[in-house]
Structures are given as structure tokens and as C-alpha cells.
Amino acid sequence: MLSARLLRIRRGGRTVLDGIDLAVGPGDVVGVLGPNGAGKSTLIAALAGELVPDRGTVEIDGRPIGALDPDDRARRVAVVPQSTRLDFAFTAREVVALGRYPHRGRSTRLLDRRAVDTALAQADMTALAERDFTTLSGGEQQRCTLARALAQIDGAEADGQRDGRRYVLADEPTASLDISHQAACLAVLRGLAAAGVGVLCALHDLNLAALYVDRVIVLDGGRVAADGPPAAALAPDLLRRVFGVEMLRVDHPGRPGLPQFLGQGPMAPAAPVS
């Protein structure tokens, strides 16, 4: 279990997250939604051990995440950031192979090669593997970054040992992708969950969240505004309050009971007080 308890994070003199309680278990797919500035990226950084909380704890399987050896932590928790910038000419394959660095001394060249090839295929990057990363489109770079994370948590080791439960934290992984690759990316994350990996991803698309995640956490002003299955958490009144938009909620035509949302535009401004 990857969990946060009473988490508070302050950045730049303001409280970004406050009182956050959540847990991601093996096989979970948790979606984090919220307006820009709600704290989604900060939450992912805290869960990854990249930020030290001002209050509260982040634990992985009952141990403070900061107490783990950095390589151990990297073998167990992989982050897919919103974007990755490189100023040197690595190929896509070389970028993905960076995910194998925490496995040095425990893996073999053959196992590393297999992990990289598998990750490239999962992210639909095999045909672009030898391309210079800096020449790829934004969406192709995002798929390459996803593949790097997949190679990173590939637990095959030469000694047959594994490091325990594994987690992927993805920060808006579909933001730069076309419709086909959005679905493919989320299908890969669901496949990881089916293999026992815990997944948490920040998303903006309500319909994708309803289709692909098991549980939705809605952040508003650094606090949890809702936490539950999409059908329960994504209530129109909550969306109106958190996002300031009117959304028409309908059943998915092929999956009764699964909510989908149609935008109805911004709410009308309040009438002036006379």
C-alpha cells in the first residue's frame, strides 16, 4: 500500500495540500482530478518521495518512503511527469533504458534489453526507438517517458528476487496524446493494475476517468472534495462547485450505469446586487 496520512505541503509560502488522506493498493487505478493549481502534481511528487511533507506521512507498505534506499524506492515507484526535457541527443531507446539504472547489479544485459523492448512495445514506440528524443513530437516524447517508467518497474532480476509491491504515478499522461494513444496509454495502466501494480494518475478528462479508473479523488484548493467510484464522486453539483461549469451527466450508451459528461458551458454570472 502506498499511502498518505494527514499530508500537508507548503510551497512558495502557501499551503498547496492540506489534510490529505489516501491509499493506493496493488491493482488499484486511482484518478486524481481537480482544477489547475489544485495540488495534483504536488501530490504525485509527495507520494514519490520527492517532497518532504510539512506535516503528515507518506508510507509504502508501512515504511516511511523517505527511509527507503533511493534505488529501492526507484525500483518500486516510477513517475511519469507531465513533460521531459533533454538537451542532448539520446535516442528514445536510450531514454527508456535509463529506467533500468536502479536495477544495476541485480539485472543482466539480456533482462534489461527485454524490459526495454517490452516497454517500447507497450507504449507503441518500437518504430521510433532509434529516433533522437529531441526530434520527437510532444506526444511521442510522452509515450517514451511512459515506456521509461514501465522499464523502471519491470521487476525481473537475475537473482529472481523482487522488491515487493510496485506503483506508477502518472501526471497527466494523456495530455499530449491523440485520441487513439490516450486510450492505449490508459489501457496500459489498467494492464499494469491487472498484474498487481498500484496506479495513480492525474487526469483532466472526466470521461476518460469514468471509463478507466476504479476510484476518483477530486482535489479542490489542496483538499479532498470527493473520493469514491466515478459514479459516486463525479456528481454534477460537485463539478459545478469545483470547476465552475455545468455538466450534463448521462449513461454511457454501451455500459449502463457508467457516467459520461457533456459540457454545457460556464455558469451564468451571479446577478449584481442592487
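The values are calculated or read from the model by the stated rules, or taken from the named source; none is laboratory data. Just so it is clear, the structure is predicted and the values come from calculations on it, not from any experiment. So basically every Cβ, Gly included, is an ideal-geometry build from the backbone, and we count neighbours across all protein chains shown.
Numerical summary
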quantity: Members of region 1-36 that are part of a strand (DSSP E or B) and among the acidic types (Asp, Glu); calculated: ASP18, ASP21
quantity: Failed criterion for ALA92 (all others in (1) at pLDDT below 95; (2) of a type outside the set (S, T, N, Q); (3) in contact with a Phe, Trp or Tyr (Cβ under 7 Å, 6 or more places away or on another chain) hold); calculated: (1)
quantity: Verdict on THR134 being β-branched (Val, Ile, Thr) and at pLDDT below 95; calculated: yes
quantity: Close pairs from region 240-256: first among the small types (Gly, Ala, Ser), partner loosely packed, with under 14 Cβ neighbours inside 10 Å, Cβ under 9 Å, at least 6 apart; calculated: GLY244/PRO266; GLY244/MET267
quantity: Tabulated pairs, region 5-22, first surrounded by 18 or more Cβ atoms within 10 Å (Cβ to Cβ), second among the hydroxyl-bearing types (Ser, Thr, Tyr), C-beta under 8 angstrom, 6+ apart or interchain; calculated: LEU7/THR57; ILE9/THR15; ILE9/THR42; VAL16/THR42; LEU17/THR42; LEU22/SER3
quantity: Close pairs (7 angstrom Cβ cut-off, 6 or more residues apart or separate chains): among the charged types (D, E, K, R) in region 130-146, part of a helix (DSSP H, G or I) anywhere; calculated: GLU130/ARG93; ARG131/ALA92; GLU140/LEU128; ARG143/HIS181
quantity: Some residue of region 213-223 being of a type in the set (A, V, I, L, M) and either surrounded by fewer than 18 Cβ atoms within 10 Å (Cβ to Cβ) or in contact with a His (Cβ under 9 Å, 6 or more places away or on another chain) (or both); calculated: no
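Matching residues to (1) out of contact with any Cys (no Cβ under 9 Å at 6 or more places or on another chain); (2) over 17 Å from ILE44 (Cβ atoms); (3) among the charged types (D, E, K, R):
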residue	(1), (2), (3)
ALA121	yes, yes, no
GLU130	yes, yes, yes
ALA170	no, no, no
LEU177	no, yes, no
LEU189	no, no, no
ALA194	yes, yes, no
LEU219	yes, no, no
